[in-house]
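Asker: Dropping the structure in here first, questions after.
The values are calculated or read from the model by the stated rules, or taken from the named source; none is laboratory data. The model shown is predicted, which means the values in this text are computed figures rather than measured ones. FYI the Cβ positions are ideal-geometry reconstructions off the backbone, even for glycines, and counts take in every protein chain you see. For the accessible areas, the whole protein counts, side chains as well, though only heavy atoms, and no ligand, DNA or RNA atoms are used. Shrake-Rupley method; radii C 1.70, N 1.55, O 1.52, S 1.80 Å.
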Amino acid sequence: MEYPYFDLKTARELLPWLRDRLIQLRKIKNEIEILLVNGDKYALQQYASETKKIIDEIISKGIILRDIDIGLVDFPAIINNKPAFLCWKIDEGDINYWHYTDEGFRGRKRLTGYEDILSLR
């Protein structure tokens, strides 16, 4: 199911699934790099197809994949009545950060519980 935006509960529910997909993407990316060095074009096409499938799965949920290497994703949200992102990296146990859409990763702020995050429910 695709969401136009996420609330914290809905985004958190997707973390186990998302972590698994990002781990798969990293593994495939490493295998593709080896295949490029070895010149195995057939296997390269297969792995590229698998990568596209996983990325499409993530995107179909409304999640924005920012960086495969560090496992960085954004969940579109409405925070304090403005477009924003709940921001998460694969090495973080939970969603602890957010930023407005015009701020980017460097503008990440720690969630305090005082943010007004528009709920889906």
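Asker: Of the residues Tyr47, Tyr42, only one is modelled with pLDDT under 95, aromatic (Phe, Trp, Tyr) and either within 19 Å of Leu111 (Cα to Cα) or surrounded by 12 or more Cβ atoms within 10 Å (Cβ to Cβ) (or both); which?
Answerer: The conditions single out Tyr47.
Asker: Now, a different point. Applying the selection to segment 30-69, what residues are assigned to a loop (DSSP other than H, G, I, E, B) and under 18 Å from the mean Cα position of the chain (by Cα)?
Answerer: Lys61, Gly62, Ile63, Ile68, Asp69
Asker: Follow-up question, since we're still on this one. If you take the residues of segment 57-69 that are open to solvent by 70 Å² or more (accessible area, probe 1.4 Å) and of a type outside the set (Lys, Arg), which of them is nearest to Ala11 (Cα to Cα)?
Answerer: Ile59
Asker: Suppose we filter segment 81-119 for residues that are surrounded by 13 or more Cβ atoms within 10 Å (Cβ to Cβ) and either in contact (Cβ under 8 Å) with a residue 12 or more places away in the chain or under 15 Å from the mean Cα position of the chain (by Cα) (or both); how many remain?
Answerer: The total comes to 23.
Asker: Consider Ile34 against the criteria (1) at pLDDT below 90; (2) open to solvent by less than 70 Å² (accessible area, probe 1.4 Å): it satisfies all of them except one. Which criterion is unmet?
Answerer: For Ile34, the exception is condition (2).
Asker: Condition first: surrounded by 17 or more Cβ atoms within 10 Å (Cβ to Cβ) and of a type in the set (Phe, Trp, Tyr). Now tell me which residues in segment 3-21 satisfy that.
Answerer: Passing the criteria: Tyr5, Phe6.
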